[in-house]
Amino acid sequence: MKFCWRITKYTPKYRNSSGVFLNNEWTSYSDIGKTFNSIPLTYEEYERIETLYIKAIEYFMNCHAIKSFQIIALEKPKKINSDIHNTSAMTDLFNNIKDNDSLPKSNLENFCKLILRDKLWCKLIYDEKMFVHFGYDYYMYIGSSLPCKNVISAIQKDGLFVEPFESPYE
């Protein structure tokens, strides 16, 4: 892919010279209820950040006029873990989605919630135009055949950090 970025909630100023993030911050949905830098992570704060990640993907989809992704390398357990925040739409999607399925934009939000909440994992691709990869510790990688400069600005304005970076999942 011609352009690749790492998109995260992590301020780059807290990385060491090797790129390792040094600040004590939450890294997973399972951290809800734990305290970081004297601030407890609430579901509401988690969901606010989760929404920004999903919105970032939608911005790129709009830049490319993409209406769906192909799901590849899907990994999921046989059943979804119970969770008070699972909606019936999320559970239905989990139960019915298969590797190589097409994921319409209308299902993107619920599907990404499943990924970001560690219920499943996969790569999302659209031909040679775009990909989305999710990494450990709440890292997201997006590749694009277009520079989408206005998208980068919008994501940064929303409060996420965008760094040029090759996906380790290529």
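Take the conditions (1) touching a residue at least 40 places away in the same chain (Cβ under 8 Å); (2) farther than 28 Å from residue 151 by Cβ; (3) surrounded by fewer than 16 Cβ atoms within 10 Å (Cβ to Cβ); residue 76 misses just one of them, which is (3). Considering every residue within the stretch 92-102, establish whether at least one is modelled with pLDDT of 95 or more, under 27 Å from residue 11 (Cα atoms) and hydroxyl-bearing (Ser, Thr, Tyr). Checking the stretch 92-102: not a single residue is modelled with pLDDT of 95 or more, under 27 Å from residue 11 (Cα atoms) and hydroxyl-bearing (Ser, Thr, Tyr). One residue stands out in the stretch 1-33 among those that are touching a Phe, Trp or Tyr at 6+ places or on another chain (Cβ under 7 Å) and charged (D, E, K, R): the one that is nearest to residue 167 (Cα to Cα), namely 6.
May I ask you to list the residues in the stretch 33-72 that are of a type in the set (Gly, Ala, Ser) and either more than 23 Å from residue 153 (Cβ to Cβ) or part of a strand (DSSP E or B) (or both)? Passing the criteria: 33, 38, 68. Among residues of the stretch 81-99 that are within 12 Å of residue 110 (Cβ to Cβ), those with a Cβ under 6 angstrom from a residue that is among the aliphatic types (A, V, I, L, M) and part of a loop (DSSP other than H, G, I, E, B), sequence gap 6+ or separate chain, pair up as 91/80; 94/80. Residues in the stretch 153-160: is at least one within 10 Å of the chain's Cα centre (by Cα) and either over 12 Å from residue 57 (Cβ atoms) or surrounded by 13 or more Cβ atoms within 10 Å (Cβ to Cβ) (or both)? Scanning the stretch 153-160 turns up no residue that is within 10 Å of the chain's Cα centre (by Cα) and either over 12 Å from residue 57 (Cβ atoms) or surrounded by 13 or more Cβ atoms within 10 Å (Cβ to Cβ) (or both).
Count of the stretch 143-170 residues, restricted to those that are within 21 Å of residue 25 (Cβ to Cβ) and touching a Phe, Trp or Tyr at 6+ places or on another chain (Cβ under 8 Å), is 7. For the stretch 105-159, the tally of residues that are assigned to a helix (DSSP H, G or I), in contact (Cβ under 8 Å) with a residue 24 or more places away in the chain, of a type in the set (Lys, Arg) and out of contact with any Asp or Glu (no Cβ under 8 Å at 6 or more places or on another chain) stands at 0.
For the stretch 117-148, taking the residues that are surrounded by fewer than 20 Cβ atoms within 10 Å (Cβ to Cβ) and among the hydrophobic types (A, V, I, L, M, F, W, C), the one that is farthest from the chain's Cα centre (by Cα) is identified as 146.
Only residues that are in contact with a Pro (Cβ under 9 Å, 6 or more places away or on another chain) and under 17 Å from residue 141 (Cβ atoms) were counted across the stretch 20-53, and they come to 1. For the stretch 79-101, a residue qualifies if it is surrounded by 12 or more Cβ atoms within 10 Å (Cβ to Cβ) and either touching a strand residue (DSSP E or B) at 6+ places or on another chain (Cβ under 6 Å) or part of a helix (DSSP H, G or I) (or both), and the qualifying residues are 89, 90, 91, 92, 93, 94, 99, 101.
The values are calculated or read from the model by the stated rules, or taken from the named source; none is laboratory data. None of these values were measured; they are calculated from a predicted model. Heads up, the Cβs are rebuilt from the backbone with ideal geometry, glycines too, and the neighbour counts pull from every protein chain shown.
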